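Below is one structure, written out as structure tokens; comments come after it.
No value in this document is a laboratory result; all are computed from the given coordinates. Computed from a predicted structure; not experimentally measured. Ideal geometry is used to build each Cβ from the backbone, glycine not excepted, and the neighbour counts take in all protein chains shown.
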Amino acid sequence: MKRATIAALLALAACKPASPEGDQAGKGPPAPPPYMMRAEMPAGDRLASGRDGAALFSNRCGSCHLAGGMASNMLTKQMVLAGRPPSDGLLANRTDLTQSYVKAVVRNGKVAMPRLSRVEVTDAELDAIAGYIGKAGK
């Protein structure tokens, strides 16, 4: 069985994908899409209000909710199936989420998203994140 697997892999490796004529021919594979990197954790007291919601969202939520994250991929699929634009798969692009909804999902979880404790995301941090994401108001 191992020989068959190795033979299949070698056969696939010998296949060359069709390349368009012109500038890209012979230059190797295309560059991967750019993925957003999480921001550094903002300095200061985690319990203080008035923190940078965009930076906190990136740091606390970005591994799943920035471009290329599992949650963004799942949400993008849901948006497309619902007839909405794929860009709505990124929470930062949404305009229909309220701050109270964002807080409820973070504290209680939803589907594959686990609930986050006040140790993981303090109430002050969540207020800032909800203010950044919850563009539909309170």
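Computed quantities for the displayed model
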read-out: Number of positions in segment 115-134 that are buried (at least 16 other Cβ atoms within 10 Å of the Cβ), of a type outside the set (Gly, Ala, Ser), outside any helix (DSSP H, G or I) and within 19 Å of the chain's Cα centre (by Cα); value: 2
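Conditions (1) over 15 Å from the mean Cα position of the chain (by Cα); (2) buried (at least 18 other Cβ atoms within 10 Å of the Cβ); (3) among the aromatic types (Phe, Trp, Tyr); (4) at negative phi, marked per residue:
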residue	(1), (2), (3), (4)
Leu56	no, yes, no, yes
Leu66	no, yes, no, yes
Met70	no, no, no, yes
Met74	no, no, no, yes
Ala82	yes, no, no, yes
Pro86	no, no, no, yes
Leu91	no, yes, no, yes
Val102	yes, yes, no, yes
Met113	no, no, no, yes
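Per-residue answers, yes or no, for (1) in contact (Cβ under 8 Å) with a residue 24 or more places away in the chain; (2) not hydrophobic (A, V, I, L, M, F, W, C):
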position: Arg94; (1), (2): yes, yes
position: Tyr101; (1), (2): yes, yes
position: Arg115; (1), (2): no, yes
position: Val121; (1), (2): yes, no
position: Ala124; (1), (2): yes, no
position: Gly137; (1), (2): yes, yes
